[in-house]
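What follows is one structure encoded as structure tokens, with my remarks underneath.
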Amino acid sequence: MSWGTELWDQFDNLEKHTQWGIEVLEKYIKFVKERAEIEINYAKQLRNLSKKYQTKKNSKEEEESKYTSCKAFQTTLNEMNDYAGQHEVISENMTSMIMAELTRFVQELKQERKTNFHEGRKTQQHIETCWKQLESSKRRFERDCKEADRAQQYFERMDADINVTKADVEKARQQAQIRHQMADDSKGDYSSVLQKFNHEQQEHYHTRIPAIFQKLQDMEEKRILRMGESLKSYAEIDRQVIPIIGKCLDGITKSAESINAKQDSQTVIESFKSGFEPPGDVDFEDFTQSMKRTVSDTSLTNTRPDGKSEPKIPGKSRGKLWPFIKKNKLSLKLGATPEDFSNLPPEQRRKKLQQKVDELNKDIQKEIDQRDALTKMKDVYMKNPQMGDPASVAQKLIEIGNNIEKLRVEVQKFEGWLAEVEGRLPARNDNSRRQSGLYETQNTAPVNNCAQDRESSPDGSYTEDQSQETEVKVTPTEFDDDFDDEEPLPTIGTCKALYPFDGENEGTISVAEGEILSVIEEDKGDGWTRIRRNEEEEGYVPTSYIEVYLDKNAKGAKTYI
């Protein structure tokens, strides 16, 4: 089945059909191009989405990434980033393997089609020319025959007419002979042209046109097969990335299965555990007796020297029971975190110090590795002076040695603080050492001031003595780990309250306007002054709320408002 034999007379339709086939291929190329653009845009959007939700460095999110659920989410984001990469691969392969190849193929098809139809038109023009020659020869032969027939009839009329001279008859006879000769010549020419036309027509319809149409048929079948191969490639490009996409999805599933609720709950404990024990039971206070009330040794309130009970300050008992409830607000007022992390509860302080020690040890190891590398380089230079000057690395070695020494000093400092904290942290089951900071056991003397045992800053930080104070000021608190007996801070002056202050936050003290109190620690630049009332209650008040009068003999004494 061939176009040349079956469609020998459909030249124009074949021309339209082959043009339509090329247009279909171009339409498919356009479709693949738009699909590739969709894939690359989708990949870009996926990457941007993954980047948007990635954990930011040095942020709270980085701290939260230790939970298994957060780790699983980060793994999902990373897998989606790889997932986006596979869509980029799809776009690239469709562009190179389909679009570029088919575009070149279409150009070749257009050129081949143009050549074949140009040859077909030339063949058609040739057969049309032969046909015109045949028609012309035929008409000439017909005309000459008619002319010869008329000449013969004229001669016969002249020959039969007795009135016509012999010369006229001879002339008519010669003219008839000439016309008959011309008719014979035209007949021969017509016969020759006819034979030639029949031969050309045979060649045209059985050789030339079938050959041209066969080329067109081959071209069209090649286009169809090529489009089928491209459609296979289109599917195969997607199929090739399916295993990798499957691995990405498997990674997401695996990360989801790695989520451990119990482990996250334990991480919460490790992150926020303070190391303190809850406060003990509050003793019953009997107010029904009209006589002077005796305060139990374990009561929340302390007795005044004159036997009168101290007036309660609204909102303060809650602050005493839970010393870290309002920690954050006051911490912001008092400045930055101290170097020894003394503003943190014992357990959190231990973790921070251990983390700092580990970081310093890593820095030391890096410096040591760098020193070893430079030392080897120096040895090579000494053995082979042409490779370099040993003195060029000597100064760097000295700097590295100094850095290592400084880091080791820092490690010793933090290890000292760490050992101090670990020594003070009570055992988990040692209840005798984990008593409430508000109470002591019965039959012991009442605690007049917890500053005698241990100093605490308003945000809940703890220091051993005054020599370990940092920029964050310290204030007495009811919590105490060891209950060591220490002397209270000495009075360095007095002050007068210019305005009333509620002192609701932990570590502060309430004052009334015009009240005279003792100053035990002056303002160090953070806007807070530490005061004491009647040797029993002490805490911080804003410096701008009081007028301070320091003793002249006190260290750094001065008077300011």
Considering only protein heavy atoms, what per residue accessible area in square angstrom results for the stretch 86-142 with a 1.4 angstrom probe?
59
Just how much of MET377 is accessible, in Å², when a 1.4 Å probe is used and the result is rounded to the nearest 10?
80
Relative to the Cα centre, what is the charge dipole magnitude of the stretch 118-157, using +1 at the beta carbon of each Lys and Arg, -1 at the beta carbon of each Asp and Glu, and rounding to the nearest 20 debye?
120
Each residue of the stretch 509-524 in order: what ³J(HN,Hα) in whole Hz does its phi give by Karplus 6.51 cos²θ - 1.76 cosθ + 1.60, θ = phi - 60°, with x for Gly and Pro?
9, 7, 9, 10, 4, x, 6, 9, 9, 8, 9, 10, 7, 7, 5, 9
Given a 1.4 Å probe, the accessible area of the stretch 158-226 per residue, as a whole number of Å², is 65
Largest to smallest accessible area among SER233, SER137 [probe 1.4 Å]
SER233, SER137
Of the listed pairs LYS66/LYS366; LYS16/LYS215; LYS66/LYS273; LYS16/LYS196; LYS60/LYS413, which have alpha-carbon separations greater than 21 Å here?
LYS66/LYS366; LYS16/LYS196; LYS60/LYS413
Largest-first ordering by accessible area, 1.4 Å probe, given options MET219, MET80, MET387
MET387, MET80, MET219
Residues meeting the amide H criterion for ILE546 (H placed from the backbone, H to H distance under 5 Å, 5 or more places apart or on another chain) are LEU498
Can you list the residues, at least 5 places off or on another chain, whose amide H is less than 5 Å from the amide H of SER510, using H built in the peptide plane?
none
Towards the positive end of the charge dipole of the stretch 98-165, with charges on Cβ (+1 Lys, Arg; -1 Asp, Glu), say which of THR129, TYR154, THR103 has the farthest Cα.
THR103
Tell me the accessible surface of ASP238 in square angstrom (1.4 angstrom probe, heavy atoms of protein chains only), to the nearest ten.
40
If you take the beta carbon distance between ASP185 and ARG226 as r and set R0 to 60 Å, what does 1/(1 + (r/R0)^6) give as a FRET efficiency, to the nearest 0.05?
0.55
Step through the residues of the stretch 219-235 one at a time and calculate ³J(HN,Hα) from phi using the Karplus curve (6.51 cos²θ - 1.76 cosθ + 1.60, θ = phi - 60°), rounding each to whole Hz and writing x for Gly and Pro.
4, 5, 5, 5, 4, 5, 5, 5, 5, x, 5, 5, 5, 4, 4, 4, 6
Rank ARG35, ARG150 by accessible area, highest first, at a 1.4 Å probe radius?
ARG150, ARG35
As a test question: what accessible area, to the nearest 10 Å², does LEU7 have when a 1.4 Å probe is rolled over all protein chains in place?
50
Efficiency by 1/(1 + (r/R0)^6): what FRET value for LYS44 and LYS413, r their Cβ-Cβ distance, R0 = 60 Å, to the nearest 0.05?
0.75
Between the stretch 136-174 and the stretch 44-78, how many Å separate their Cα centres?
115
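The values are calculated or read from the model by the stated rules, or taken from the named source; none is laboratory data. As the structure is a computational prediction, the values presented were derived from the model and not from experiment. Ideal geometry is used to build each Cβ from the backbone, glycine not excepted, and the neighbour counts take in all protein chains shown. With ligands, DNA and RNA removed, areas are computed over all heavy atoms of the protein, side chains included. Shrake-Rupley method; radii C 1.70, N 1.55, O 1.52, S 1.80 Å.
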